[in-house]
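Step one of this worksheet: look at the structure below.
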Amino acid sequence: MLFVYSLFLKLYYFCIYLFSFTNKKAELWLNGRKELKNRLNGHSLNDCIWFHTSSLGEFEQVSYLIETIKLKFPNEKILVTFFSPSGFEVKRNFKFADEVLYLPFDFKDSIESFIQTIKPKLVFWVRYEFWLNALEKLKRDEIPVILLNGVFRENTSLFYKSYLKKCLSCFSAITVINEVSQLNLKNLGFSSSIMYDTRFSRMRQVAQSPFEDYVIQHFVQSDKVVVCGSIWPNDYKILKSSIQSRSDIRWILVPHEVDAHSLHEVCIQFPSAQKYSQYIESENVNILIIDCIGLLARLYRYADIAYVGGGFNKVVHSLIEPLTYSLPTIIGPNIKKSEEAQDFLNIGFVHQIQTKDEFKEVLDTLLSSNTNEMRKSKEIYFNQRTDSINKILELIKDFVTLGK
C-alpha cells in the first residue's frame, strides 16, 4: 500500500504542477507551500494546538471552537492549516490564530519536517481528507489527534477502505455528526462518539449577535425577501423565470464564487440587478448581487425564504445557516453526498425541487402559507444541538491541560 500511496502522491503533485501554468488556484497551491519556511521563520509554535481543515467549509465548522479556546485560554498558541487555496486565501489573517499556513504536501520528508518544527501538543483533524504520512508521524510522536465532525458512508471501495482504516488507527479520539456515520465507522472496526456539528454552535452565536447593514436594510424595505445563497450558473436557470416574474419580491443573490468571471456571469443573467458594493439608493431594483465574501450567514436574518445552491451541481451547500434562522428552505436534487441535507429532507425541514416550475410552485406555496409551526420545530431542533463546543472542551481534558 505504501508504494501505491507514494506513487499517488507523486502523480497528484505532478498534475497540480501542470495545472499551475493555466489555473490560478493550482498556482496558489504550489506557491503557498514554497513560502512555508519563510512563514515559519521567527514563529515559535511549540506546544501549539493545531487545527487542519481542507478548505473554507471545513474551517467554518471549527472557527467558533478556535475562537472559544483563544478567548478562554489566550496564552494557548493556535495553528490553522489548509489544504486548499480557497480556505487559506480567505482566512490567512484569521485573528484567533497565531499562524495560518498551507499544509505541506504529504511527502514523507516534508510533512515529518513540518511536524518536527511546530511540535504541536494537540491536533484536530476536521471532517475528512486523511493524509497518511502526517497522521502516522503524529502517532509515532505520541501527539494526540482528534477527528471532529467525522462523516462516514456505507459504501467504500476495497482499496480506500484499507487506506482509511490505516489512517483511522492514528486518531486518539473520533467524533461523528450522527448515528449513521457512527454505525458505518463501527462496521470498519472503530468506535466514536456523536457530537453534533460544531456549526450549530457557531451559527447560533452568529444569529444572536447584533448585525446591521445599511445597504441591505435599505434594499429589502418591507417587502418579502428571498436569499439565494451559494448559487452557481445551474441555479440561475432554475431561479431566473421566477425572479423575472416576481417583481414583488426582493431577491438577494449570493454567488458561490465572487471572482470577476463569476460576477460577470451572474450580471449577464440578471442585467437589472445592482451590486452590493456599488449600491445606489435611488435606483429602485428588486435584485441585489452580493459581490463580496463573508456576509451570507448574516444575510439570512433578513429573509422570508432561503434557496441554497449547489443542488444542481455536485452537491447542495450547507443548510445549517438558513435553518438556524428557522427559514423555509428550498434545495435542488443532488444531496447524495450531503448527510445533513438528507437528514433535513427526511424530517421535513427543506423542500426539494427538480425543475424551475417546481421552484415557482414551492415558492408560491411557501409565500402563501403559515410556516410558524415549522419554524418552532426548527428552533427546538437547533437549540438541542448547540452544546458541542462544551463537550469538545471536556474531551480535550482527556489529553492535555489548557491554560498552562
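Observations on the model:
Condition check ((1) aromatic (F, W, Y); (2) closer than 30 Å to V400 by Cβ; (3) assigned to a loop (DSSP other than H, G, I, E, B)) across all residues:
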site: C15; (1), (2), (3): no, no, no
site: E27; (1), (2), (3): no, no, no
site: K70; (1), (2), (3): no, yes, no
site: N75; (1), (2), (3): no, yes, yes
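- Answer residue from region 160-179, given it is touching a residue at least 40 places away in the same chain (Cβ under 8 Å) and not in a loop (DSSP other than H, G, I, E, B) and is surrounded by the most Cβ atoms within 10 Å (Cβ to Cβ) among those: T175
- M1, sole failed condition from (1) out of contact with any Leu (no Cβ under 8 Å at 6 or more places or on another chain); (2) farther than 25 Å from F399 by Cβ; (3) modelled with pLDDT of 90 or more: (3)
- Among the residues of region 260-286, those identified as without any contact (Cβ under 8 Å) to a residue 12 or more places away in the chain and within 20 Å of K240 (Cβ to Cβ) are H261, S262, H264, I268, P271.
- Scanning region 109-157 for residues that are in contact (Cβ under 8 Å) with a residue 40 or more places away in the chain, surrounded by fewer than 17 Cβ atoms within 10 Å (Cβ to Cβ) and assigned to a helix (DSSP H, G or I) yields a single hit, T117.
- Test: residue in region 97-108 that is touching a strand residue (DSSP E or B) at 6+ places or on another chain (Cβ under 6 Å), of a type outside the set (D, E, K, R) and closer than 25 Å to K397 by Cα: yes
- Residue within region 180-188 that is surrounded by 16 or more Cβ atoms within 10 Å (Cβ to Cβ), touching a Gly at 6+ places or on another chain (Cβ under 8 Å) and not aromatic (F, W, Y) present: yes
- So K337, is it in contact (Cβ under 8 Å) with a residue 12 or more places away in the chain, surrounded by 17 or more Cβ atoms within 10 Å (Cβ to Cβ) and of a type outside the set (S, T, N, Q): no
- Hey, L40 surrounded by 13 or more Cβ atoms within 10 Å (Cβ to Cβ), under 22 Å from K137 (Cβ atoms) and touching a His at 6+ places or on another chain (Cβ under 7 Å) or not: no
- Of residues in region 370-403 being within 27 Å of I143 (Cβ to Cβ) and among the hydroxyl-bearing types (S, T, Y), the one farthest from the chain's Cα centre (by Cα): T401
- Qualifying positions in region 197-221 - assigned to a loop (DSSP other than H, G, I, E, B) and buried (at least 20 other Cβ atoms within 10 Å of the Cβ): D197, T198
- Residue check, K108 among the charged types (D, E, K, R) and touching a helix residue (DSSP H, G or I) at 6+ places or on another chain (Cβ under 6 Å): yes
- Residue within region 364-375 that is within 15 Å of F200 (Cα to Cα) and either in contact (Cβ under 8 Å) with a residue 24 or more places away in the chain or buried (at least 21 other Cβ atoms within 10 Å of the Cβ) (or both) present: no
- The set of residues in region 231-264 that are in contact with a strand residue (DSSP E or B) (Cβ under 8 Å, 6 or more places away or on another chain) and either on the phi > 0 side of the Ramachandran plot or acidic (D, E) (or both) comprises D235, D248.
- Total residues in region 233-247, condition assigned to a helix (DSSP H, G or I), among the charged types (D, E, K, R) and surrounded by fewer than 20 Cβ atoms within 10 Å (Cβ to Cβ): 2
- Scan of region 57-89 for residues that are touching a Gly at 6+ places or on another chain (Cβ under 8 Å) and among the hydrophobic types (A, V, I, L, M, F, W, C), ordered by number: F59, F73, F88
- If you check L45, L101, L65 for being assigned to a loop (DSSP other than H, G, I, E, B), touching a residue at least 12 places away in the same chain (Cβ under 8 Å), in contact with a helix residue (DSSP H, G or I) (Cβ under 8 Å, 6 or more places away or on another chain) and not charged (D, E, K, R), only one passes: L45.
- Within region 327-357, tally of residues that are hydroxyl-bearing (S, T, Y) and at pLDDT below 95: 1
The values are calculated or read from the model by the stated rules, or taken from the named source; none is laboratory data. Here the structure is a predicted model, which is why all the values come from computation and not from measurement. Here Cβ is always computed from backbone atoms with ideal geometry, including for glycine, and neighbour counts include all displayed protein chains.
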